Amino acid sequence: MSNPADIPNLNSWSPPRPPKGPSGVKKIISLPSQWIHLYDDFITKNAHQVAQIESALRSLTYIIPGRFRDAEIASESIHSGVQLLSLYHDTLLRNALSLSKLPAVGGSLPAPEIPSPRSRYTNFWTAKSALYRRVAYVLQIVNYIELLCEMAAKRRGEKSRWRVVILLEAIKAFCRLLLLRITRSRPIVSPVLPERPPIPDEPTPEEEQEAELRAMMEEEDDAIDQARANGHANGQQNQITNGNGAVKGGEIGPNGEWIMPRTGMCLPSLPAPGDISGYLLSKVLTADDIKPATKLMNRLQGSAQLAEVLHILAPLIYAVALARSRSTGTYPNGTRRKASWAPWVIGLAVEMAARQLRDRGLRTTPLEREEWARRGWAMGWWTMRGAFYQNVTKGMVEGVRRRMPSLIGGILEDYEYLWENYYFSTSA
């Protein structure tokens, strides 16, 4: 029989109290940063899989039938979200590569590829100027969300929609003019941020075990090399074999490179017999590969600088002219207004003036010619805008759609709705 002293006093019981002090609050506050760190680590270790998922989600938003009529904002929100997430992943992977957080496969990293002049140029300014980096991020984010903002503003009326369009074009023009100032009057490349760097694969557990085994066999390899040297000194052609009687040699890495048995360093794989010229040309350094990054784009002066400013202001001028004209929107009875040619002619004239004033001299660099060639292809979007689309291109698109299978024709019809109703759907 238990004593009264052994019976707990229920009246004096109280629940456990939380630990005193701010330690518990600090742990709760630190949870988001820990989750972000875990997410960053996951993205770094699974870069290739993440890129495939991003591409699949992006493609899904493009091919969903009825994407723009019934669920336009929802679908565009997914697309903009994927683009913004990809931008964050690009920054994360670029930092991981610069800090060498990724372990090497087989003891060494594969031979790095020669970066393109565009990548070298954008990497240089992103690393050198913090202001360039911030402005470039703002410009890229606006490019990703501009169509979503227009869709949301259109639900409040045409006036709100065009105010948002002009505001976004003004922000983009201001950012580009600021980048022109930061780079000391050099042409603005597109995109203004560096591309996602190629990230080497993480070593598998089997590869890590092989690396450890290779380190343990270094002493045996040293003895084999010494024996080979002694054999050549005596004029003998001896074959050095391992414990299984096979000739001792290197191993083939995951990318076809040959891994040397003693040092663990890797040599690149040999090209196919029919592609030797292309392989050698890919290893040759050109003048642009050894130029400083600032020499890849010349500083603009005179008419060339005016051409760059006109190219930057052309979208803003076109948007203002389109908003001030009476050719946008619909009549009270629901019929669509007939598009005026004036805004389209003004915008195209400014763009053509910029192309005529640009520098065409011998001192123009290959990167400048590449950028102007890209801008030339982007001028094809003028056939999908304003009065030209309504009077010329629309009939051609409808004729092509009728000859297409029903699935492709349905998707094309959804895009017709987008091109007719949203300014940023054809914005370059």
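I need every pair where a residue in region 410-424 that is over 14 Å from residue 322 (Cα atoms) has its Cβ under 8 Å from the Cβ of a residue that is assigned to a helix (DSSP H, G or I) and among the hydrophobic types (A, V, I, L, M, F, W, C), sequence separation at least 6 or different chains.
411/63; 412/397; 412/400; 416/397; 419/384
Results for (1) modelled with pLDDT of 95 or more; (2) crowded, with 17+ Cβ neighbours inside 10 Å; (3) touching a Lys or Arg at 6+ places or on another chain (Cβ under 7 Å), shown as yes or no for each residue.
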position: 114; (1), (2), (3): no, no, no
position: 117; (1), (2), (3): no, yes, no
position: 121; (1), (2), (3): no, yes, no
position: 132; (1), (2), (3): yes, yes, no
position: 135; (1), (2), (3): yes, yes, no
position: 142; (1), (2), (3): yes, no, yes
position: 159; (1), (2), (3): no, no, no
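I'd like the residue in region 144-157 that is among the charged types (D, E, K, R) and part of a loop (DSSP other than H, G, I, E, B) and, out of all such residues, is least open to solvent (accessible area, probe 1.4 Å).
My answer is 155.
Consider only pairs whose beta carbons are under 7 Å apart and that are at least six residues apart or on different chains; among these, list those whose first residue lies in region 44-59 and is of a type in the set (D, E, K, R) and whose second residue is surrounded by 12 or more Cβ atoms within 10 Å (Cβ to Cβ) and outside any helix (DSSP H, G or I).
45/202
Could you say which residue among 388, 424 is open to solvent by less than 60 Å² (accessible area, probe 1.4 Å) and touching a Leu at 6+ places or on another chain (Cβ under 6 Å)?
After ruling out the rest, the residue left standing is 424.
Using the structure shown, decide if residue 369 is modelled with pLDDT of 90 or more, closer than 27 Å to residue 145 by Cα, in a helix (DSSP H, G or I) and open to solvent by 60 Å² or more (accessible area, probe 1.4 Å).
no
Please indicate, with yes or no, whether at least one residue in region 277-290 is more than 25 Å from residue 120 (Cβ to Cβ) and either at pLDDT below 70 or of a type outside the set (Phe, Trp, Tyr) (or both).
yes
Just checking, how many residues over region 161-185 are outside any helix (DSSP H, G or I) and either open to solvent by 50 Å² or more (accessible area, probe 1.4 Å) or in contact with a Ser or Thr (Cβ under 8 Å, 6 or more places away or on another chain) (or both)?
1
The values are calculated or read from the model by the stated rules, or taken from the named source; none is laboratory data. Since this is a predicted model, take the numbers as computed values, not measurements. Reconstructed Cβ throughout: ideal geometry from the backbone, glycine too, with neighbour counts over all protein chains shown. Calculation scope for accessible area: heavy atoms of the full protein, side chains included, ligands and nucleic acids excluded. Shrake-Rupley method; radii C 1.70, N 1.55, O 1.52, S 1.80 Å.
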